[in-house]
Amino acid sequence: MPTILAIESSCDETAAAIVRGTAETQAEVASNIVASQAALHAEYGGVFPELAAQEHVKKILPTIQLALSEARIEISELDGIAVTIGPGLIGSLLIGVNAAAQLANLTKLPLLGINHWEGHLYSAFLKSDQDSLPEFPILFLTVSGGHSSLILMRNHFEYELLGSTVDDAAGEAFDKCARLLGLGYPGGPALSKAAAAFRSSDQSQSETKLSLPRPMLDADNLNFSFSGLKTALRYAIDRGDVTLPADQGLAAAAVEDAIVDVLLAKLERAAKKHNPASVAIVGGVSANQELRRRAAERFPNVIIPQFSYSTDNAAMIGAAGLYHFLLKQDFVSPETITANASLRLA
Ligand code: KG4
Ligand code: ZN
């Protein structure tokens, strides 16, 4: 079975993984190492690009070594190397790309340049809680810090963009609203934790609810818009409808409800229109428990990769790399491979 070393360094996680499989099976993860810098960036309230690149330099080799040793694999047993080439922060991307290129140069292993977005899509092909491969055509809701879109994948490497956000991405909306509520960074997990605590408290019954807009919910298209949400929240805080920190939980639950409502309504609209064989939700925001719970109610067979494959990781890059290796063999030379901060999905 072909075995791929995958490297991901597009933002603030230095990640390496060993993935193997065949075209007929789910991609198996032999190791999946993520060195997160989230704590370092927290004091800046967001990712600080120079600091991210510096940290990648420190962490990249130990992370690759750990991925190999945890999988009990020698470099000589690898069949290929896959690395994220974009989109992302250019300084961060370059550290991973250079490491992969040098390793490919030394070992003469085939090298694959992977789009980070394609990686998120291929997280649905990783062996996870579901035990079968998704079937084409697959309808994807991809939701992360930089991206919210609906994509129809008719076959391997064939993507049709059905709709996307016209302003903020869903993760960005989580992060910005969390900041308004004083919930810190990274905002998505902090906000959903506050929302969950509120829902399971007695308060959730007695308090009057904060109602937030659901932009584009009824619009006859498959696009999203989330920037109005943070504006509405800011007005509610300014008007005194929300008092902080007392109403943190109540407001967090209202934000989460609004975002999940819109995401699932559009996913449902797309599913009705395109009648896919499988439905999958991928990207950092798919780590959200409320989204997972409500998505599973509406789409009983929905594929949502396990938590560790939702937020940025190298296993998903390994899955995309594996299928490129098996089906396309579109290898790149270590001399010419380049990072592209604004790479798009073909
Ligand atoms: O995919 P990802 O790790 O990085 C990008 O490619 O952007 O996604 C990060 C985004 C952040 O906006 C983060 O707040 C959000 O995913 N996120 C969450 C949760 N965990 C991560 N949003 C809501 N609920 C969560 N539990
Ligand atoms: Zn990502």
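Quick one: net charge around LEU326, please, counting Lys, Arg +1 and Asp, Glu -1 for every other residue with C-beta under 11 Å from its C-beta.
Value of the local net charge: 0.
Does the range 250-322 come out rounded, prolate or oblate, given a ≥ b ≥ c as the square roots of the eigenvalues of its C-alpha gyration tensor, rounded meaning a/c under 1.5 and, failing that, prolate meaning a/b above b/c? Could the numbers behind the result be given before it?
On the way: a/c = 2.35, a/b = 1.22, b/c = 1.93.
Verdict is oblate for the range 250-322.
Take the alpha-carbon centre of the range 304-324, take the same for the range 225-275, and report the distance between them in whole Å.
Each part reduced to its Cα centre gives a spacing of 28 Å.
Give me MET1, MET153 ranked fewest to most by other Cβ atoms within 10 Å of their Cβ, as a rough exposure proxy.
With the fewest neighbours first, MET1, MET153 line up as MET1, MET153.
How large is the direction-averaged shadow of the alpha-carbon convex hull of the range 106-156, in nm²?
Approximately 5.3 nm², given one-decimal rounding.
Taking neighbour Cβ counts within 10 Å as the exposure measure, how do ILE73, ILE303 sort from fewest upward?
ILE73, ILE303
Only Lys, Arg, Asp and Glu count, each charged at its Cβ (+1, +1, -1, -1), so figure out the dipole size of the chain about its Cα centre, rounded to 20 debye.
300 debye
Whole-Hz ³J(HN,Hα) for each residue in the range 17-22, computed from phi via Karplus 6.51 cos²θ - 1.76 cosθ + 1.60 with θ = phi - 60°, x for glycine and proline: what do you get?
Computed from phi, the couplings for the range 17-22 are 8, 10, 10, 9, x, 10 Hz.
What number, in nm² with one decimal, is the all-direction average of the projected area of the convex hull of the alpha-carbon atoms of the range 77-172? Write down the numbers at each step before the final one.
Numbers: hull surface 31.7 nm².
Spelled out: convex hull of the Cα atoms, projected over all directions, averaged, 7.9 nm².
Just subtract the alpha-carbon distance of ALA265 and SER164 from 0.36 nm times their residue separation and send over the number in nm, one decimal.
Residue separation times 0.36 nm, minus the Cα-Cα distance, leaves 35.0 nm.
According to a simple spin-label model (label point 7 Å from Cα along Cα-to-Cβ), what is the distance in nm between ARG298 and SER333?
Between SER333 and ARG298, the label points sit 4.9 nm apart.
Using 7 Å Cα-to-Cβ label points, what is the ASP238/ARG154 separation (nm, one decimal)?
It works out to 4.8 nm between the two label points.
Take the Cβ-Cβ distance between GLN102 and ARG214 as r, set R0 to 56 Å, and report the resulting FRET efficiency rounded to the nearest 0.05.
0.70
Please report the Cα spread of the range 183-295 along all three principal axes, rounded to whole Å, starting with the longest.
Between the extreme Cα coordinates on each principal axis of the range 183-295 lie 45, 28, 25 Å.
Exposure proxy check: TYR44, TYR323, TYR122 ranked by fewest other beta carbons within 10 Å?
Numbers: TYR44 10, TYR323 20, TYR122 28.
Lowest count first: TYR44, TYR323, TYR122.
When all C-alpha to C-alpha distances in the chain are sorted into bins of 10 Å, what percent of pairs does each bin hold, rounded to whole numbers?
The calculated distribution, bin by bin, is 6, 26, 32, 24, 10, 2, 0.
Based on alpha-carbon positions alone, could you give the equivalent ellipsoid semi-axes of the range 226-265 from the gyration tensor, as √(5λ), descending, whole Å?
20, 12, 5
Hey, got the Cα dimensions of the range 13-138 along the principal axes, in Å, largest first?
Computed over the range 13-138, the largest-to-smallest principal extents equal 44, 35, 23 Å.
Work from the charge dipole of the range 242-303 (Cβ charges, +1 for Lys and Arg, -1 for Asp and Glu, about the Cα centre) and give the residue of GLN289, ILE259, PRO300 farthest towards its positive end.
It is PRO300, whose Cα lies furthest towards the positive end.
When we measure straight from the Cα of LYS266, which aspartates and glutamates land under 13 angstrom away, once same-chain ones fewer than 8 places off are left out?
Within the straight-line limit of under 13 Å, LYS266 reaches these aspartates and glutamates: ASP218, ASP220.
Quickly estimate the mean residue ellipticity at 222 nm for the chain, helices only: each DSSP H run with n ≥ 4 gives -39500 (n - 2.57), and the total goes over all residues, rounded to 500. All intermediate terms of the calculation are to be shown ahead of the outcome.
Details: 12 runs with 143 residues, N = 346.
My calculation for the chain gives -13000 deg cm²/dmol from helical runs alone.
Once you have the alpha carbon radius of gyration of the range 118-262, what is it after dividing by 2.2 N^0.38 Å, with N set to its residue count?
Numbers: Rg = 17.2 Å, N = 145, 2.2 N^0.38 = 14.6 Å.
Cα-based Rg divided by the globular estimate yields 1.18.
Quick one: net charge of ASN223's neighbours, Cβ under 13 Å, K/R +1, D/E -1?
-2
If I model the range 156-221 as equal point scatterers sitting on the Cα atoms and use the Debye formula, what is log10 I(q)/I(0) at q = 0.17, 0.24, 0.26 Å⁻¹?
The calculated log intensity ratios at q = 0.17, 0.24, 0.26 Å⁻¹ are -0.82, -1.11, -1.16.
In the range 66-164, which GluC sites (Glu not before Pro) are in a loop and have at most 13 other Cβ atoms within 10 Å, using DSSP for the loop call?
Filter output for the range 66-164: GLU74, GLU135.
FYI, it's all coordinate maths here, none of it is from the lab. None of the values given here were measured: they were computed from a predicted structure. With ideal geometry, Cβ positions are generated from the backbone for all residues, glycine too; neighbour counts draw on all protein chains shown.
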